[in-house]
Each structure stands twice: as structure tokens, then as C-alpha cells.
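A single structure is presented below for examination.
The values are calculated or read from the model by the stated rules, or taken from the named source; none is laboratory data. What you see is a predicted model; the values in this text were computed from it and never measured. When we count neighbours, we look across all protein chains shown, and the Cβ atoms used for this are built from the backbone with ideal geometry, even at glycine. What goes into the accessible areas is simple: the full protein's heavy atoms, side chains included, and nothing from ligands, DNA or RNA. Shrake-Rupley method; radii C 1.70, N 1.55, O 1.52, S 1.80 Å.
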Amino acid sequence: MATTKTFSQRIVHDYFPVVVVLLAVVLVWYGAAWGLNAQGAIERVLDEEAGYTQMELFEATMNMERPLMPAPHQVAADFYESLTEWPVDSPRNLIYHVIVTGQSTLLGFVMGTALGLLLSVLIVHSRTLDKALLPWIVASQTVPVLAIAPIVLVVLGSLGFSGTAPKAFIAMYLCFFPVTVAMVQGLRSPQKIETEMMHTYAASRWQSLWLLRLPAALPFLFPALRVGVAAGLVGAMVAELPTGAQAGLGARLLTGSYYGQTTQIWSALVMSALLGLALTGIVAGVERLVLRSRGGV
Amino acid sequence: MTGSVTPVWFWPGMVLLALVAGYSVYRMASVQGSRWVGMATAALFGVWVVLFWEILVRALDVPRVLLPAPSLIIGSLGDHAPKLWGDFVQTVGKAVLIGWAMGCGAGFLVAVAIDRMPFLQRGLLPVASLTSAIPLVGVAPIAVMWFGFEWPSKAAVVVLMTFFPMLVSTLAGLQAAGKLERELMYSYAASYPRTLLALRLPAALPFIFGALKVNATLALIGAIVAEFFGSPTSGLGFRISTEAARMNMPLVWGAIVVAAVTGSVAYALLVALERRAAFWHPSVREG
């Protein structure tokens, strides 16, 4: 981006391709809805003996009751309906589920980030922990963490925890790893000459951590936070599956799949995508603010 | 040490043992040596953790629903070996392997294909990286609806989850070759395929292996979670959810051990492969 562009040129350069790709996605989606629903539409809606035109077939596939694949406008309608026709505290309103899932995600994210920061500081300062603990932290991620979700829920449930806490715990487990690994790398990123300068200033460990290592680690921290919050959302949603929870986007997906409510599944999916994008967007916004206030990029 | 009453010397003994454990790990960690010493340190730490787990669970009579002792888990691994082997074949042998290979392969091919089209890159790359914020496991109920309860529906979820990370990484990797090297190839009048094979794909290898490693874990998670949405009567995810409902925790933990070992072995294999394929890269050489 060395050459300066006018605002409109930048819009065309950066956003036009994205818009085209998104339009193509919608078109493919319509095409898929047509193709996948055709069989069902012929069997259930249209009168095969009387014959039908291609136009009628197309219309039928677009507006089926329980389609194999709902068309985009059907999902949009269901989405809009759930937001406007039901009060926010009703389980039929998607906002209600977003709040439930968002709560456990955010709580888990905060706890996971705190745990990750603590672990990384300890690991950077202790050779023993670096050698003994870090390999296990890495190995813990090759374990499909979500497999543990049902157990954690049972364990915490029998200890008297229920509701948000167990789900947040699983979100935390998924969040802490990227933060730990990135921060270990980030806290070690100052060059030798810089750490030696702190040493000649007779700076304490705390001072060199606070004044040198932490600022140097910030560019490592934020990408990890973006990954962490997205992983936390997956954790929170999956944690809603095995408990038979009634609330939350994961539970909404599960009930939709029990009752074959395709459109409901799709609008819950769209909602979870929006929630994921919003959460990472917030983290990215904080990142920009922090880095700018530090005179960075 | 059965029974809920612990002798007087129990807690002082535990503290003493903890000190011994801490000191031994500390001494081991301060040994200078090759990577094997590092691995031995980590292994020693793991052995101590399992030992303390066993002792505490037994001494404090922790109900096995909460936390079964490691010996019980190992016992259940032995007792239910054929069952768990069936689950392993169902989940890992079919859904994970096929889904992972298809997802990674498709991501790689699409990345190479759109590498030459700047317009598509500018349009597709932001959309593809956005998908990392979307909980893609959520498509599991739809996959079950389309592909049925058997393994193809799980493989489909895995394909979708692994496709985008591979696409994004490969594209980033293909950009990794330096300008100088590319201009050198250009001055040799090297064709596009030749530049791709001789320069850009090798330069992209660390990125590709990074995605392969991340995807190995993602694939396992995707397949297991997808089984929560309906599955045939075997599979690791099926075993975990049904046995957890029946409070048969040793077997649940057994299934988790199988999944964990699978994930770790897959990761280690990919690391070993990377060492052979990208031996020249600084990130490999230093490690």
C-alpha cells in the first residue's frame, strides 16, 4: 500500500471482490436449494400426474415447509421473525440464546486469558516449568478437548455447579492454550541487547516484565485472543449439547435437529456465525485501540 | 489405604512426596542436553502427576463418577479393548482420515488454483479467514440430515472444518517466497509451474505443515462432536456421550485416552514428516 489511493479507489480495490464472492455464495446457495429440494418438491408439493412447468418447480423448491436446504430468503425470514415477533426473554427469540451462549463464552474467555497470561509468565521465568509443563500444555491440545466436555459437565454438576459456570469452564480450557503459547513466544521476543540493558539498569524482574516484556508481547497477544475467543465460542456451544440444556445456540441447534426444523437450524447457524464475527470484531477493535495508543501500527 | 480415614502421617507424607517430586523435576530440568532430556523431563512430570492422581483419588475416596483412578481407566481400556478398537476404526479410520485428507487436499488445490487470480484472492481470502470465527461444528446436524448417521456425515463436517485453514495457510505460504528469489526465477525464464514446484511450494511447506497439524486436531474434534448429533452404535463420540449418560466414567476416560493418544501420535507423525520435508527451514533447524 505504498501508493496512496483515493477513498473510492480503495473501496473498489478492497471491497468489490469480497462483495462479488459473497454474491456468488448466495447464488450457489440458491442453486443448491433448488437442486437439493427438487426431489422432495416433486414428491410432496407438485402433482406429478398433472405435470408442472420448470417455473413451478423452482417456486416450490424455494418455499418448502421442511426443505432439505432452505433458501436464503427463508432463513432470513425465520431469522427476522424470531427477532421481532417474540419477546427477548422467550426461548423462541434468537437473541435470548445469543445472550446465554455469549455469557459463558465471555466468562470463559476472561478466565482463559487470565490463566494463559499467568502460565506464560511463570513459564518464561522458570526453567523447570518450561521444560516440564509446556510440553504437556502443547500435548493437551492434541487431545480433542471437546471430548472432555460431557465429563466436565457431569463432574461440575455433581459438585453443585450448573448453568453458566461449567460451560464457561470448557470455553476457558479452549481459550487458555493460544494465549499461553503466544505469550511465551511474545515474552521471549525482546532481543538480548534489550534484556541486557534492563540488566545494566539494575531493573528487577518485575520491572523488566512490566516495562519490556509485556509491551513486546502485545503484538503476539492479540492474534491469540482472536483465536481464543472463537475457540471459546465453539466450546460454549458444544458444552450445551450433552446437558440437554434448553438455552443457548448449541441447544437450539440440537432441538432443531431433533424436530427436523431445518430453517431453525440454519438461522441458529447464521446467528452463531454473527456472534463469532462480533466477538472477534470486538477483540480486533480493542487491539487497534491499544496498539494505536502505544503509537504502533 | 482404603476407607475414608487417613492415618496421621498421610498428609505430612504427601507433602514430603511432593517435595521429592518437585525437586526431581527441578534437577532434571537443569540438566543441559539434547531434546531427549527435555522429553524425559516432561515425561517425569507426567508420571508424578498420574501418581498423585492415583494416590489422592484412592486415599480420599473420590467417587469414581467424579474422577476415576488412573488404574481403573487402564483396566477399563483393557476390558473394553475390542469395543474401543471398533470406535477407533469408526471415528478415526473412516471419518477423520478421509475427511482430513479430502479437506486438506481440496484446500490446497483451491489455494494453488486461485493463487494466480488476484481478484479471487482479494475476494476469497477475507471471506475464508472470517470462517475461522464461525463455529463450523454447528453444521453437524445438517450433515447428519444430508449424509445420514454413518461416517460420511462426520467426514463432511471434517472436510468443511479443515478446508478453510488449509486454504488460508497455503495462500499465505505461496506468498512467502522472497521477491529476490522470484525475480531470479523470472530472469531464468522459468515457467509458472516450474517456479511453483521449485521455489514457491517448498517455501510454503512450513505453512502447509502448520495447517496440517492444526487440522489434525480440528478433524478429531469435528468428528467426535458430530457424533453427538446422532451416530451409529460405535464411534468415540458416541461412546463418550452414551457412557457418560450411564455414569460409566472409567470407560469414558478410556475413550478419551484413545482420542488423546491418537491426536498426539498424529501430531508427532506430522512433526517427523515436517522435519524430513522442510529440514532447511529455520523454524525446523532451531527446534
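Could you tell me whether B:VAL50 is within 30 Å of B:VAL225 (Cβ to Cβ) and open to solvent by 60 Å² or more (accessible area, probe 1.4 Å)?
On the way: within 30 Å of B:VAL225 (Cβ to Cβ): yes; open to solvent by 60 Å² or more (accessible area, probe 1.4 Å): yes.
Yes, satisfied.
What tally of residues in the range B:159-182 results from selecting those that are open to solvent by 30 Å² or more (accessible area, probe 1.4 Å) and farther than 30 Å from B:GLY237 by Cβ?
7
Right, next: Which condition number does A:LEU233 fail, the rest of (1) modelled with pLDDT under 85; (2) crowded, with 22+ Cβ neighbours inside 10 Å being met?
(1)
Give me a count of the residues in the range B:1-42 that are within 22 Å of A:SER140 (Cβ to Cβ), free of Cβ contacts under 8 Å to residues at least 12 places away in the same chain and open to solvent by less than 50 Å² (accessible area, probe 1.4 Å).
So the answer is 4.
In addition: So A:ALA273 passes all but one of these: (1) in contact (Cβ under 8 Å) with a residue 24 or more places away in the chain; (2) surrounded by 16 or more Cβ atoms within 10 Å (Cβ to Cβ). Which condition number does it fail?
A:ALA273 satisfies every listed condition except (1).
Is at least one residue of the range A:156-174 open to solvent by 70 Å² or more (accessible area, probe 1.4 Å), part of a helix (DSSP H, G or I) and over 23 Å from A:ARG252 (Cβ atoms)?
yes
Continuing with the same structure: Report, by residue number, each residue of the range B:251-265 that is more than 8 Å from chain A (Cβ to nearest Cβ) and open to solvent by 10 Å² or more (accessible area, probe 1.4 Å).
Answer for the range B:251-265, where residues must be more than 8 Å from chain A (Cβ to nearest Cβ) and open to solvent by 10 Å² or more (accessible area, probe 1.4 Å): B:VAL257, B:VAL258, B:VAL261, B:THR262, B:VAL265.
When you check A:ILE193 against the structure, is it more than 9 Å from chain B (Cβ to nearest Cβ), more than 27 Å from B:ILE134 (Cβ to Cβ), without any contact (Cβ under 8 Å) to a residue 60 or more places away in the chain and of a type in the set (A, V, I, L, M), yes or no?
Here the answer is yes, as A:ILE193 does meet what is asked.
Condition (residue is in a helix (DSSP H, G or I), farther than 30 Å from B:SER24 by Cα and free of Cβ contacts under 8 Å to residues at least 60 places away in the same chain) applied to the range A:114-129: is it met by at least one residue?
No; the residues of the range A:114-129 include none that is in a helix (DSSP H, G or I), farther than 30 Å from B:SER24 by Cα and free of Cβ contacts under 8 Å to residues at least 60 places away in the same chain.
When you scan the range B:60-72, do you find a residue that is open to solvent by 40 Å² or more (accessible area, probe 1.4 Å) and either at pLDDT 85 or above or within 30 Å of B:VAL159 (Cβ to Cβ) (or both), even just one?
yes
Hey, another quick one. Specify which of the listed residues (A:THR195, A:THR128, A:THR200) is open to solvent by 50 Å² or more (accessible area, probe 1.4 Å) and more than 27 Å from A:ILE99 (Cα to Cα). Before you say what the answer is, go through the steps one by one.
Working: A:THR195 fails: open to solvent by 50 Å² or more (accessible area, probe 1.4 Å); A:THR128 fails: open to solvent by 50 Å² or more (accessible area, probe 1.4 Å).
It is A:THR200.
Are there any pairs with C-beta distances below 9 angstrom linking a residue in the range B:213-231 that is without any contact (Cβ under 8 Å) to a residue 12 or more places away in the chain and more than 8 Å from chain A (Cβ to nearest Cβ) to a residue that is open to solvent by 20 Å² or more (accessible area, probe 1.4 Å) and in a helix (DSSP H, G or I), with the two at least 6 apart or on different chains, and if so which?
none
With A:GLY108, A:GLY40 as the choices, which residue is part of a helix (DSSP H, G or I), more than 30 Å from A:LEU209 (Cβ to Cβ) and either among the polar types (S, T, N, Q) or in contact (Cβ under 8 Å) with a residue 12 or more places away in the chain (or both)?
None of the other options fit; the residue is A:GLY40.
Given the criteria more than 13 Å from every other protein chain (Cβ to nearest Cβ), open to solvent by less than 20 Å² (accessible area, probe 1.4 Å), in a helix (DSSP H, G or I) and not β-branched (Val, Ile, Thr), does B:MET185 qualify?
no
For the range A:253-267, which residues satisfy the criterion of being out of contact with any Ser or Thr (no Cβ under 9 Å at 6 or more places or on another chain) and either within 24 Å of B:SER129 (Cα to Cα) or in contact (Cβ under 8 Å) with a residue 60 or more places away in the chain (or both)?
Hits for the range A:253-267 are A:GLY260, A:THR262, A:THR263, A:TRP266.
Same structure again: Is it the case, given these coordinates, that A:ALA278 is within 14 Å of another protein chain (Cβ to nearest Cβ), in a helix (DSSP H, G or I), free of Cβ contacts under 8 Å to residues at least 12 places away in the same chain and open to solvent by 30 Å² or more (accessible area, probe 1.4 Å)?
Yes.
Ok, one more. Output the number of residues of the range A:55-71 satisfying the condition of being of a type in the set (A, V, I, L, M, F, W, C) and buried (at least 18 other Cβ atoms within 10 Å of the Cβ).
6
A follow-up question, please. Is it the case that B:ARG116 is open to solvent by 60 Å² or more (accessible area, probe 1.4 Å), over 21 Å from the mean Cα position of the chain (by Cα), within 14 Å of chain A (Cβ to nearest Cβ) and of a type outside the set (A, V, I, L, M)?
So B:ARG116 fails the test.
Mind listing whichever residues of the range B:200-249 are among the charged types (D, E, K, R) and either part of a helix (DSSP H, G or I) or open to solvent by less than 20 Å² (accessible area, probe 1.4 Å) (or both)?
Hits for the range B:200-249 are B:ARG200, B:LYS213, B:GLU227, B:ARG239, B:GLU243.
Right, another one. May I ask you to list the residues in the range A:203-217 that are buried (at least 16 other Cβ atoms within 10 Å of the Cβ), part of a helix (DSSP H, G or I), among the aliphatic types (A, V, I, L, M) and out of contact with any Pro (no Cβ under 6 Å at 6 or more places or on another chain)?
So in the range A:203-217, the residues buried (at least 16 other Cβ atoms within 10 Å of the Cβ) come out as A:203, A:208-209, A:212-214, A:216-217.
Right, trim to part of a helix (DSSP H, G or I) and you get A:208-209, A:212-214, A:216-217.
Then keep just the ones that are among the aliphatic types (A, V, I, L, M); that gives A:209, A:212, A:214, A:216-217.
Answer for the range A:203-217, where residues must be buried (at least 16 other Cβ atoms within 10 Å of the Cβ), part of a helix (DSSP H, G or I), among the aliphatic types (A, V, I, L, M) and out of contact with any Pro (no Cβ under 6 Å at 6 or more places or on another chain): A:LEU209, A:LEU214, A:ALA217.
Sticking with this one: Are any residues in the range B:146-177 without any contact (Cβ under 8 Å) to a residue 24 or more places away in the chain and of a type in the set (Gly, Ala, Ser), and if so, which ones?
Within the range B:146-177, B:GLY148 is the sole residue that qualifies.
Could you list all residues from the range B:132-158 that are away from chain A (no Cβ under 12 Å), surrounded by fewer than 23 Cβ atoms within 10 Å (Cβ to Cβ) and in a helix (DSSP H, G or I)?
Matches in the range B:132-158: B:PRO152 only.
Follow-up. Go over the candidates A:LEU107, A:LEU23, A:LEU94 one by one and state the one that is away from every other protein chain (no Cβ under 14 Å) and either closer than 19 Å to A:GLY256 by Cα or modelled with pLDDT of 85 or more (or both).
Exactly one of A:LEU107, A:LEU23, A:LEU94 is away from every other protein chain (no Cβ under 14 Å) and either closer than 19 Å to A:GLY256 by Cα or modelled with pLDDT of 85 or more (or both), namely A:LEU107.
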